[in-house]
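Novice: What follows is a single structure, and I will ask about it in a moment.
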Amino acid sequence: MAISKLYDLILWITPITEAFPRSLRHTLGHRIVNELLDVLRTLMEARYSRKGRPLLERANLGIDYARHLIRLSKDLKALSLNRYQQRPEAPRGSRPADRRLEKGPSR
């Protein structure tokens, strides 16, 4: 579930960041997309790893960082308030309850 929510968030944000003003597109815009792609990879690694907790903690940090970058883009007016309010829900953190949502192969 977290992986599919993150995938939806990436689908939503990518074309938006391409429309950022040039001064922010190559810094803030690319950083947002790259961070979310890194989190996607980390979540997928955690799903198949026997030691997923450190990976989930790293993914949680990346999600929090991306949330702040998205909020910053709204505050800098690169992202309209209307679009900001319509954003898909980002995955939650790496709390134990969240881990049950992304069960990989049986351990």
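The values are calculated or read from the model by the stated rules, or taken from the named source; none is laboratory data. In this text the structure is predicted, and so the values were computed from the model without any measurement. With ideal geometry, Cβ positions are generated from the backbone for all residues, glycine too; neighbour counts draw on all protein chains shown.
Novice: Return the pairs, sorted by first residue and then second, in which the second residue is outside any helix (DSSP H, G or I) and surrounded by fewer than 17 Cβ atoms within 10 Å (Cβ to Cβ), the first residue lies in segment 1-22 and is touching a residue at least 24 places away in the same chain (Cβ under 8 Å) and small (G, A, S), the beta carbons are less than 9 Å apart, and the residues are 6+ apart or on different chains.
Specialist: Between residues of segment 1-22 that are touching a residue at least 24 places away in the same chain (Cβ under 8 Å) and small (G, A, S) and residues that are outside any helix (DSSP H, G or I) and surrounded by fewer than 17 Cβ atoms within 10 Å (Cβ to Cβ), the close pairs are A2/R92.
Novice: Continuing with this model, one more query. Which one is surrounded by the most Cβ atoms within 10 Å (Cβ to Cβ), of the residues in segment 4-25 that are aromatic (F, W, Y) and assigned to a helix (DSSP H, G or I)? Walk me through it before giving the result.
Specialist: So the first thing to find is which residues in segment 4-25 are aromatic (F, W, Y), and the list is 7, 12, 20.
Now drop any that are not assigned to a helix (DSSP H, G or I), which leaves 7, 12.
Values: Y7: 15, W12: 13.
The residue in question is Y7.
Novice: Something else about it: When the residues of segment 26-58 are narrowed to those that are among the small types (G, A, S) and buried (at least 17 other Cβ atoms within 10 Å of the Cβ), which ends up farthest from L72 (Cα to Cα)? Break it down stepwise before answering.
Specialist: So the first thing to find is which residues in segment 26-58 are among the small types (G, A, S), and the list is 29, 46, 49, 52.
Next, from what is left, pick out any that are buried (at least 17 other Cβ atoms within 10 Å of the Cβ): 29, 46, 52.
On the way: G29: 11, A46: 28, G52: 30 Å.
Once the filter is applied, the top-ranked residue is G52.
Novice: Here is a further query. Would it be correct to say that L69 is within 17 Å of the chain's Cα centre (by Cα), surrounded by 12 or more Cβ atoms within 10 Å (Cβ to Cβ), modelled with pLDDT under 90 and part of a helix (DSSP H, G or I)?
Specialist: Details: within 17 Å of the chain's Cα centre (by Cα): yes; surrounded by 12 or more Cβ atoms within 10 Å (Cβ to Cβ): yes; modelled with pLDDT under 90: no; part of a helix (DSSP H, G or I): yes.
Considered against the rule, which asks whether it is within 17 Å of the chain's Cα centre (by Cα), surrounded by 12 or more Cβ atoms within 10 Å (Cβ to Cβ), modelled with pLDDT under 90 and part of a helix (DSSP H, G or I), L69 comes out as no.
Novice: Let me ask another. Looking at (1) part of a loop (DSSP other than H, G, I, E, B); (2) surrounded by 13 or more Cβ atoms within 10 Å (Cβ to Cβ); (3) modelled with pLDDT of 70 or more, find the lone condition where P91 falls short.
Specialist: (3)
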